[in-house]
1. Being in contact (Cβ under 8 Å) with a residue 60 or more places away in the chain and among the aromatic types (Phe, Trp, Tyr) is the requirement here; does PHE162 meet it?
2. Which one is farthest from GLY100 (Cα to Cα), of the residues in region 136-189 that are assigned to a helix (DSSP H, G or I) and of a type in the set (D, E, K, R)?
3. Against the conditions (1) touching a helix residue (DSSP H, G or I) at 6+ places or on another chain (Cβ under 9 Å); (2) in a helix (DSSP H, G or I); (3) within 27 Å of SER4 (Cβ to Cβ), where does TRP227 fall short? Just the number, please.
4. From the set of residues in region 65-93 that are in contact (Cβ under 8 Å) with a residue 60 or more places away in the chain and assigned to a strand (DSSP E or B), which is surrounded by the most Cβ atoms within 10 Å (Cβ to Cβ)?
5. Is it fair to say LEU105 is assigned to a strand (DSSP E or B), more than 29 Å from GLU281 (Cα to Cα) and either at pLDDT 85 or above or of a type in the set (Phe, Trp, Tyr) (or both)?
6. With the checklist (1) at pLDDT below 95; (2) within 19 Å of the chain's Cα centre (by Cα) in hand, flag the one item LEU300 doesn't pass.
7. Within region 262-277, identify whether any single residue is assigned by TED's automatic domain parsing to the domain that holds MET141 and at pLDDT below 90, and answer yes or no.
8. Of the conditions (1) surrounded by 15 or more Cβ atoms within 10 Å (Cβ to Cβ); (2) touching a residue at least 24 places away in the same chain (Cβ under 8 Å), GLY96 clears all except one; give me its number.
Amino acid sequence: MLYSLVEMNRAAMAPMRLMAKSTRAILEMTANPMRHTAFGRSTLAATSVFERATRYYGKPEWQIPSTTIDGKVLPVQPTATWTSPWCKLIHFETLGAPAGRPRLLIVAPLSGHFATLLRGTVEAFLPTHEVFITDWTDAKMAPVWLGRFDLDDYIDHIRKAFTHIGPDAHVVAVCQPGPAVLAAVSLMAEDGDPALPCTMTFMGSPIDARKSPTVPNLLAEERSFEWFREKMIYTVPAPWPGMMRRVYPGFVQLTSFMHMNWDRHVDAQARFFDHLVEGDEDSADKHRAFYDEYLAVLDLTEEFYLQTIRRVFREHRLARGIFRYRGERPVDPGAIETVGLMTVEGERDDISGIGQTQAAHELCRNIPDHMQTDYIQPGVGHYGVFNGRRFEQEIVPRINAFQEHIAGL
């Protein structure tokens with residue numbers, strides 16, 4: 001019912017949003033003398049804030065036209081090199097780049113935002129790597145006849161991505177996919193899979209959510225499992241292609257995240273209004289760029305979401321050594337012996353607390369010490385672990401150095 005109400009509200013707001021856009025277009029006309037008055041600037045700012053607050057934010061474009069390698073600006077072409085109904089493996093082909101660069105798989109989270117949230121992560125590695133990323137399907141766009149997609153299917157997709165990219169690649173798991181990537185690599189190591197990666201890096205991942213529990217971690221344990229099933233799962237309404245599919249809606253996840261820092265988001269909207277009134281377009285553009293990405297959300301299938309809540313955040317199965325792939329096959333990270341392991345955490349991370357990612361070192365007990373490293377980035381929260389100036393200047397060089405060290409062994 002909630003999903004239908006949200007769609008009805010969006011439809012009801014459409015005429016007012018259209019009116020706001022029309023008013024803005026009139027005020028922006030060069031010949032309109034009102035645009036230069038205080039009243040005109042305030043009205044223009046108000047209509048912009050209202051229109052953005054009530055619009056639907058679709059999947060963003062990658063917007064990575066080029067990268068710089070050895071002082072040369074080279075064009076970048078994102079291309080889907082492997083696809084399934086639930087995922088596209090995007091290769092950022094850099095035209096004219098030197099041959100033989102290390103291959104890097106970035107496993108994007110399936111937790112409410114599109115893979116484009118990692119645009120900055122991709123850009124930071126493009127000068128040194130052949131970059132691939134998992135681009136997960138929005139469940140509301142998946143017709144019900146495609147069937148289920150659960151946590152074990154997610155693990156299968158990660159293995160297929162490794163197979164497509166080839167052996168001795170590197171993998172970076174950002175946040176939520178950490179346990180699934182560790183499970184996939186564990187199974188590959190046990191099977192002697194030739195596509196086994198050279199290194200694996202986990203960044204702000206809930207490998208063991210019992211350590212330094214944050215607000216989302218505590219919520220997952222305080223509420224009953226049935227509460228999540230009854231309160232968090234809704235049916236996709238028409239006219240979405242996935243109508244009748246049961247999902248965890250992206251707007252519910254977004255609302256939860258925004259309420260964690262509600263004052264900050266309200267202040268951001270107020271500053272955006274002030275920037276527009278003052279004519280500070282640079283600051284306004286930065287606001288637009290951030291929220292165009294942040295407010296674009298996707299839905300998760302019911303089975304994937306509930307299995308993740310139960311197996312990762314409530315029962316901590318991987319950390320406790322009781323994780324079973326498809327309910328039958330034990331998953332043992334101790335099977336990994338030849339893959340380098342790096343963990344990265346943020347000092348101020350309020351999503352994955354300190355120690356949750358580091359737990360991977362305890363689980364991967366048979367990786368030699370000289371093939372492991374851990375790093376805590378001072379002064380950054382969850383987002384800063386994989387994006388921003390400190391990520392580019394302090395975290396990426398450490399990851400690159402670690403990968404070079406392991407590849408050279």
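The values are calculated or read from the model by the stated rules, or taken from the named source; none is laboratory data. Here the structure is a predicted model, which means the values were calculated and not measured. Note that each Cβ is placed from the backbone with ideal geometry, even for glycine, and that neighbours are counted across all protein chains shown.
1. For PHE162, the condition - in contact (Cβ under 8 Å) with a residue 60 or more places away in the chain and among the aromatic types (Phe, Trp, Tyr) - is not met.
2. Going through the qualifying residues, I end up with LYS140.
3. For TRP227, the failing item is (1).
4. Applying the filter and picking the extreme gives CYS87.
5. Yes.
6. (1)
7. No.
8. (1) is the only condition that GLY96 fails.
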